[in-house]
Structures are given as C-alpha cells and as structure tokens.
Amino acid sequence: MEIMKLKIKNYKRGYVLLELLFYIVFLSIFSLIVINAIIVMTRTFKETAIQAELVQSVAIMEKMSREIRQAYDIFSISATDLVLNTGASNTIEFKLVGSDIQFWDAGNNIGNLNTPNIIVTSLTFSQITTVKGKAVKIVLSLRSINDSLNRVKDFYNTIVLRGIY
C-alpha cells in the first residue's frame with residue numbers, strides 16, 4: 001500500500017513539473033509577441049510623426065503662395081530670395097538663410113516659416129513673364145531632422161501675381 005502511495009506522489013510531481021515548463025514556455029512566447037507588437041507600434045508612430053511634420057510643412061508653401069498672389073509686382077528675384085511689392089511702398093520678402101526660410105514684412109524679420117525640426121534642403125524662385133503679366137514658380141524641398149532615412153519631400157507651385165488673371 002505504501003509503495004502505491006509513493007508511486008502516485010512521484011507521478012503528481014512529474015505532472016507539476018511539466019505544467020510549470022509549459023507555462024514558462026507559453027509566457028515566454030506570449031511576451032515575445034507583445035514586445036514585437038510594441039516595437040512595431042513604436043516604429044509606426046515615429047513614421048506617422050515624421051509624415052505629419054512634412055505634411056504640416058505644406059503651410060510654408062501656402063503662406064508663400066498667398067503672399068505672392070496678393071503682390072502687385074516683383075522688386076527682385078534670385079534663386080533663394082524673393083522681394084515682392086505689396087502696394088503702398090510695402091514689401092514682403094522670402095529668403096533662404098542656412099536651412100530656414102525667413103519671412104520679412106516691410107523690412108522686419110517676422111521669423112522662420114519652417115519649424116525647428118524641418119530642414120529646408122533647397123528653395124528656388126523663378127520668374128515667369130508673359131505678355132499678360134508675371135508669375136513666380138517655387139520649388140521647395142524639405143526633410144525632417146527626426147527621419148533617420150533622410151527622405152526629402154518636394155513641393156512645387158506656380159503663382160500668378162495680383163491683377164494679372
């Protein structure tokens with residue numbers, strides 16, 4: 001009888017050990033799945049944040065387009081500098097200084113159009129003159145400082161000056 005009890009106890013201990021091993025393996029696999037999901041979500045969030053920064057940078061092109069559209073004439077234009085006549089001897093100026101686009105109104109520096117985490121890699125202004133008037137073509141390239149792949153987003157626009165259309 002005593003031998004029988006001893007054998008039953010040994011079998012129960014064996015099952016407990018197998019159950020314990022099973023749960024350790026199960027929790028390890030589950031932990032790996034959760035950690036992988038967290039890593040994927042972090043990468044996705046970072047990518048979404050970078051794309052959002054670049055999309056918000058459309059505001060730079062919109063601001064320049066709006067000001068050019070309201071201008072009466074072009075005082076001076078170069079590849080990285082545009083000075084516009086907005087009437088009543090007022091001027092608006094956009095110029096590339098380093099990796100920032102500065103906005104000047106009546107000779108006063110209003111500030112940078114790009115945010116600190118957006119780098120302007122290139123800015124080009126071109127004048128288009130026709131029989132009926134003038135237009136400005138803008139080519140703008142931006143990148144995020146948070147992007148480890150250093151991807152560049154390009155923006156293009158051609159704007160006709162006021163009173164021409």
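The values are calculated or read from the model by the stated rules, or taken from the named source; none is laboratory data. Everything quoted here is computed from the prediction, not taken from an experiment. Using ideal geometry, Cβ is built from the backbone for each residue, glycine included, and neighbour counts are taken over all protein chains shown.
Considering each residue of the range 33-81, count those that are small (Gly, Ala, Ser) and part of a loop (DSSP other than H, G, I, E, B), and give that number. Give the derivation first.
Residues of the range 33-81 that are small (Gly, Ala, Ser), as a first pass: 37, 49, 52, 57, 59, 65, 71, 76, 78-79.
Adding the requirement that they be part of a loop (DSSP other than H, G, I, E, B) leaves 57, 71, 78-79.
Residues flagged as small (Gly, Ala, Ser) and part of a loop (DSSP other than H, G, I, E, B) within the range 33-81 amount to 4.
Any residue in the range 115-124 that is free of Cβ contacts under 8 Å to residues at least 12 places away in the same chain, in the same structural domain as Ser78 (by TED's automatic domain parsing) and surrounded by 13 or more Cβ atoms within 10 Å (Cβ to Cβ)?
Within the range 115-124, none of the residues are free of Cβ contacts under 8 Å to residues at least 12 places away in the same chain, in the same structural domain as Ser78 (by TED's automatic domain parsing) and surrounded by 13 or more Cβ atoms within 10 Å (Cβ to Cβ).
Determine if the range 25-32 includes at least one residue that is more than 27 Å from Arg143 (Cα to Cα), over 24 Å from the mean Cα position of the chain (by Cα) and assigned to a strand (DSSP E or B). Write out each step before concluding.
Here is the first cut: in the range 25-32, the residues more than 27 Å from Arg143 (Cα to Cα) are 25-32.
Imposing the further condition that a residue be over 24 Å from the mean Cα position of the chain (by Cα) reduces the set to 25-32.
Going one step further and asking which of them are assigned to a strand (DSSP E or B), we end up with none.
The answer is no, given that none of the residues of the range 25-32 is more than 27 Å from Arg143 (Cα to Cα), over 24 Å from the mean Cα position of the chain (by Cα) and assigned to a strand (DSSP E or B).
Report the residue count in the range 37-60 for those that are within 20 Å of Leu123 (Cα to Cα) and either among the β-branched types (Val, Ile, Thr) or exposed (fewer than 14 other Cβ atoms within 10 Å of the Cβ) (or both).
The qualifying residues number 5.
Return yes when Ser31 is under 18 Å from Phe103 (Cβ atoms) and either in contact with a Pro (Cβ under 8 Å, 6 or more places away or on another chain) or at pLDDT 90 or above (or both) and no when it is not.
Details: under 18 Å from Phe103 (Cβ atoms): no; either in contact with a Pro (Cβ under 8 Å, 6 or more places away or on another chain) or at pLDDT 90 or above (or both): yes.
It is false that Ser31 is under 18 Å from Phe103 (Cβ atoms) and either in contact with a Pro (Cβ under 8 Å, 6 or more places away or on another chain) or at pLDDT 90 or above (or both).
Residue by residue through the range 119-161, note down the ones that are of a type in the set (Lys, Arg) and not in a strand (DSSP E or B).
Lys132, Arg151, listed by residue number.
Within the range 84-114, work out how many residues are farther than 30 Å from Leu149 by Cα and either without any contact (Cβ under 8 Å) to a residue 12 or more places away in the chain or part of a loop (DSSP other than H, G, I, E, B) (or both).
Start the filter on the range 84-114 by keeping residues that are farther than 30 Å from Leu149 by Cα, which leaves 84-93, 104-110.
Restricting the remaining residues to those that are either without any contact (Cβ under 8 Å) to a residue 12 or more places away in the chain or part of a loop (DSSP other than H, G, I, E, B) (or both) gives 88-89, 106-110.
Result for the range 84-114: 7.
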